[in-house]
Amino acid sequence: MILGYDTSLCDEDIATLHQELGVGVLHKFVVEDAYLLELPDGMSVEQALATYSNMREQVLFAEPNYRGTL
């Protein structure tokens, strides 16, 4: 999942949110201040999207990171 937080959040607040949900950061994109997250076992992408959609004050966007093949 790729997630972008409100720019008013400090790094400590973001780390706390990640810890509370049990997600890991695979990569932080500097350009958009976005994070590629690794979801914990048992959490589906749909569950994560639903959780983050309820955090509208903190989360600017949350998108699945599906791989496609041609």
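Throughout, read-outs are computed from the coordinates displayed, never taken from laboratory work. In this text the structure is predicted, and so the values were computed from the model without any measurement. Heads up, the Cβs are rebuilt from the backbone with ideal geometry, glycines too, and the neighbour counts pull from every protein chain shown.
Is at least one residue of the range 62-69 under 12 Å from residue 1 (Cα atoms) and either in a helix (DSSP H, G or I) or hydroxyl-bearing (Ser, Thr, Tyr) (or both)?
There is at least one residue in the range 62-69 that is under 12 Å from residue 1 (Cα atoms) and either in a helix (DSSP H, G or I) or hydroxyl-bearing (Ser, Thr, Tyr) (or both).
Any chance you could count how many residues in the range 57-70 are surrounded by 14 or more Cβ atoms within 10 Å (Cβ to Cβ) and farther than 17 Å from residue 11 by Cβ?
Selection size over the range 57-70: 1.
On the basis of being touching a residue at least 60 places away in the same chain (Cβ under 8 Å), surrounded by fewer than 14 Cβ atoms within 10 Å (Cβ to Cβ) and of a type outside the set (Gly, Ala, Ser), does residue 54 make the cut? I'd like the intermediate steps shown before the answer.
Working: touching a residue at least 60 places away in the same chain (Cβ under 8 Å): no; surrounded by fewer than 14 Cβ atoms within 10 Å (Cβ to Cβ): yes; of a type outside the set (Gly, Ala, Ser): yes.
Taking the combined requirement at face value, the residue does not satisfy it.
So for the range 15-35 (the condition being in contact (Cβ under 8 Å) with a residue 60 or more places away in the chain and either surrounded by 14 or more Cβ atoms within 10 Å (Cβ to Cβ) or assigned to a helix (DSSP H, G or I) (or both)), does at least one residue qualify?
So far as the range 15-35 goes, no, none of its residues is in contact (Cβ under 8 Å) with a residue 60 or more places away in the chain and either surrounded by 14 or more Cβ atoms within 10 Å (Cβ to Cβ) or assigned to a helix (DSSP H, G or I) (or both).
If you take the residues in the range 36-56 that are of a type in the set (D, E, K, R), more than 12 Å from the chain's Cα centre (by Cα) and not in a helix (DSSP H, G or I), which one is nearest to residue 67 (Cα to Cα)?
For the range 36-56, the residue satisfying everything is 41.
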